């Protein structure tokens, strides 16, 4: 009688923790997503520095910096819309997680998403099938 109880208990201990780990907050997919969001924000911070350096030399924003000047991976694509020396807007997408978009603006540039609340501060979002925009 005692032996079957131990076997069942050990089996439960071996089966339950992996299931809990997969569904709990901080699981591997959530962690990978958080790392990707932070990496894309860091790429956009490098874009700000690169645009600032270009503006210091040419008195205008470029809007056409090569991605290798700031993006850490070729899977990340950025579109920059510059308004001469007055500002710019930028949006970055990635094939690493389709549907995820990050962006920022500077000067008179328009925030590419309502989740971006301050100039030069990157934000990330996704649009749900319902059309609702949610921050990441």
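The values are calculated or read from the model by the stated rules, or taken from the named source; none is laboratory data. None of these values were measured; they are calculated from a predicted model. All Cβ positions, glycine included, derive from the backbone under ideal geometry; neighbour counts span all protein chains shown.
Taking the range 99-111 as the range and being at pLDDT below 95 and within 24 Å of residue 68 (Cβ to Cβ) as the test, only 109 passes.
Residue-by-condition table, conditions (1) exposed (fewer than 10 other Cβ atoms within 10 Å of the Cβ); (2) over 20 Å from residue 104 (Cα atoms); (3) at pLDDT below 95; (4) in contact with a helix residue (DSSP H, G or I) (Cβ under 6 Å, 6 or more places away or on another chain):
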{"site": "6", "(1), (2), (3), (4)": "yes, yes, yes, no"}
{"site": "9", "(1), (2), (3), (4)": "no, yes, yes, no"}
{"site": "22", "(1), (2), (3), (4)": "no, yes, yes, no"}
{"site": "42", "(1), (2), (3), (4)": "no, no, no, no"}
{"site": "53", "(1), (2), (3), (4)": "no, no, yes, no"}
{"site": "62", "(1), (2), (3), (4)": "no, no, yes, yes"}
{"site": "66", "(1), (2), (3), (4)": "yes, no, yes, no"}
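Go through the range 84-108 and count every residue that is more than 15 Å from the chain's Cα centre (by Cα), part of a loop (DSSP other than H, G, I, E, B) and under 25 Å from residue 74 (Cβ atoms). The total comes to 0. One residue stands out in the range 116-129 among those that are assigned to a loop (DSSP other than H, G, I, E, B) and at pLDDT 95 or above: the one that is nearest to residue 42 (Cα to Cα), namely 122.
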